[in-house]
Each structure stands twice: as structure tokens, then as C-alpha cells.
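The values are calculated or read from the model by the stated rules, or taken from the named source; none is laboratory data. Small disclaimer: the values here were computed from a predicted structure and weren't measured. Glycine also receives a Cβ, built like all others from the backbone with ideal geometry; neighbour counts cover every protein chain displayed.
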Amino acid sequence: MSTTALLAGFFAGLSLIVAIGAQNAFVLRQGLRREHVLPVVAVCAGADLLLIACGVAGLGVVVTSHPHVLSATRWGGAAFLLVLATNAVRRARRPAVLDPAASGPAARGPIVSTCLALTFLNPHVYLDTVVLLGSLSHQHDPAAWSFGAGAGVASVAWFTVLGFGARGLRPLFARPSAWRALDLVVAAVMATLAVLLVA
């Protein structure tokens, strides 16, 4: 295992994953609510590990040679993001549902399904992990898998810190106004991403 390639992969993966996006906003919100954090973190990190491995294995060439698949994913992802943005606005307008204790815990199934959709309906996920990280990994041949491992470690570390570290912000979100602000930010991020996907 090459330490240089491992570190390069770690910082490359971290630079791509830390950007504010729908998936990160969702993980943060679940972390703040303390609802099904482990399954959400596991799904996000596991999906990244799978896609990074596919990129290192050379699937990026296949993805870029079928633009119609990315186009369909782009439109489907944009529609899904707009639905989530609308739901976030609705939550912000009803203070009673901003407190997890008042609204009751959400079922695990819908939460995991939403997390999977946010991951696999986003074409940027494929471009970042399969295409970009896959291409970068082969600049470190014969240590491409070390690069991929570094990117995978970055993903696991980021989602773990984001999901489980969000509880440190809990005191701030003891006020309904803070939950309202978070949901409005989430709505703005998701709506913006939806527009950017189809623009």
C-alpha cells in the first residue's frame, strides 16, 4: 500500500464530499434529530465506497460513454430534489413538526429510501466518485487502489463526523426558529441543486 497515494486519495475525496449538497444536508438534519443516524451514515458511506471501487475498477469509461443514462438521472434527480425542497418548506411553515419529540420518530424505511434516492439519483455522485476519483486513481498506478482506499476513508470519516457530530449543535436547535432556519436552508440548497442539474 502506498502512503502517498492513500493520502492523495483521502484529500481528493474529502475535497469533493465536504461541499454542501442535498445528501450532506439530509445527514446533518438526521443527526440533529438523532433519528436513524447509523443507517443513514452507513448508506452514504457504503454507497461512496461502492462507487469509488467501481471508478478505480474502470467503470468511469462506461458511464461517460452513455450520456443518455446521466441525462435521465439528472432529470429524475432534479424532480426528486424539488419534492424534498417543497417538503422542507412545509416543515418550516409548521413549527409543531420542527421538534422531533412533537412529531414523533420517523420510520426507518422512508428515511433510508430517501437517503438512497439522494445518493443514486444525483448524477454528480457518479461524476465525482466513478469518473473523477476513478480517473485520478489511475494517475497513481500501480497504487490506484491505495488512492481509492484513501478516498473511501475520507467518505466514512466525513459522514460519521457529520451524522454523529451534529448532536453537538443540539443546544442551538432547541429553538423552533433554528429548525425553521435549517429547513429553509435545506430547501434553498435542494432547489438550487435541482435547477443546476437541468440548467
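Observations on the structure shown:
- Residue match in segment 147-156 (condition: closer than 15 Å to residue 28 by Cα and either of a type in the set (Lys, Arg) or in contact (Cβ under 8 Å) with a residue 24 or more places away in the chain (or both)): yes
- Scanning segment 103-158 for residues that are assigned to a loop (DSSP other than H, G, I, E, B), surrounded by fewer than 22 Cβ atoms within 10 Å (Cβ to Cβ) and within 15 Å of the chain's Cα centre (by Cα) turns up just one, 121.
Yes or no, residue by residue, for (1) assigned to a helix (DSSP H, G or I); (2) modelled with pLDDT of 95 or more; (3) surrounded by fewer than 18 Cβ atoms within 10 Å (Cβ to Cβ); (4) of a type in the set (Val, Ile, Thr):
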| site | (1), (2), (3), (4) |
| --- | --- |
| 20 | no, no, yes, yes |
| 23 | yes, no, no, no |
| 29 | yes, no, no, no |
| 32 | yes, no, no, no |
| 40 | yes, yes, no, yes |
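- In segment 105-157, of all residues being of a type in the set (Ser, Thr, Tyr) and out of contact with any Ser or Thr (no Cβ under 6 Å at 6 or more places or on another chain), the one that is nearest to residue 193 (Cα to Cα) corresponds to 119.
- Here residue 173 clears all of (1) surrounded by fewer than 17 Cβ atoms within 10 Å (Cβ to Cβ); (2) assigned to a helix (DSSP H, G or I); (3) at pLDDT below 75 except the condition numbered (1).
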